[in-house]
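Read the structure below first, then the notes.
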Amino acid sequence: MIANYGYEDASGSYFISVDTGRCNGCGDCVVACPQSVLALVDDYGQGIVDDYGQTLVIVKEKHRKRLKYSCSPCKPAKQRRMLLCVLACRAKAIAHS
């Protein structure tokens, strides 16, 4: 399942997608994100798990409607590069719009 977090407005689409079938819950992307946009969640009072009881990565609620601003330090207008969270994800479970 692809979980999409973000929004679309007149200036564009701003989404982070997490492929829950690929995410292994390692947390490397959480550590790599300088803005603390991502979080690990589990079934022990810390959020949710997938249908198989696996720990997954989510976008924190406070960042979901402001990804344009939260992710902008990693997405400069010039010299586009791969984002740190995407680079850190060895499972290739994260994508940005």
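The values are calculated or read from the model by the stated rules, or taken from the named source; none is laboratory data. Since the model is a prediction, treat every value here as computed from it, not as a measurement. Reconstructed Cβ throughout: ideal geometry from the backbone, glycine too, with neighbour counts over all protein chains shown.
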Within region 1-28, the residues that are among the aromatic types (Phe, Trp, Tyr) and either part of a loop (DSSP other than H, G, I, E, B) or over 19 Å from Ala88 (Cα atoms) (or both) are Tyr7, Tyr14
Per the filter on region 64-79, residues in contact (Cβ under 8 Å) with a residue 40 or more places away in the chain, in a loop (DSSP other than H, G, I, E, B) and surrounded by fewer than 20 Cβ atoms within 10 Å (Cβ to Cβ) are Arg64, Lys65
If we keep only residues of region 80-97 that are closer than 15 Å to Pro34 by Cβ and free of Cβ contacts under 8 Å to residues at least 12 places away in the same chain, then the residue farthest from the chain's Cα centre (by Cα) is Arg81
Across (1) at pLDDT 90 or above; (2) touching a Pro at 6+ places or on another chain (Cβ under 8 Å), Cys74 clears everything bar (1)
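To keep it simple, each residue is scored yes or no on (1) at pLDDT 80 or above; (2) assigned to a strand (DSSP E or B); (3) surrounded by 11 or more Cβ atoms within 10 Å (Cβ to Cβ); (4) among the hydroxyl-bearing types (Ser, Thr, Tyr).
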residue	(1), (2), (3), (4)
Gln35	yes, no, yes, no
Ala39	yes, yes, yes, no
Val57	yes, yes, yes, no
Lys62	yes, no, no, no
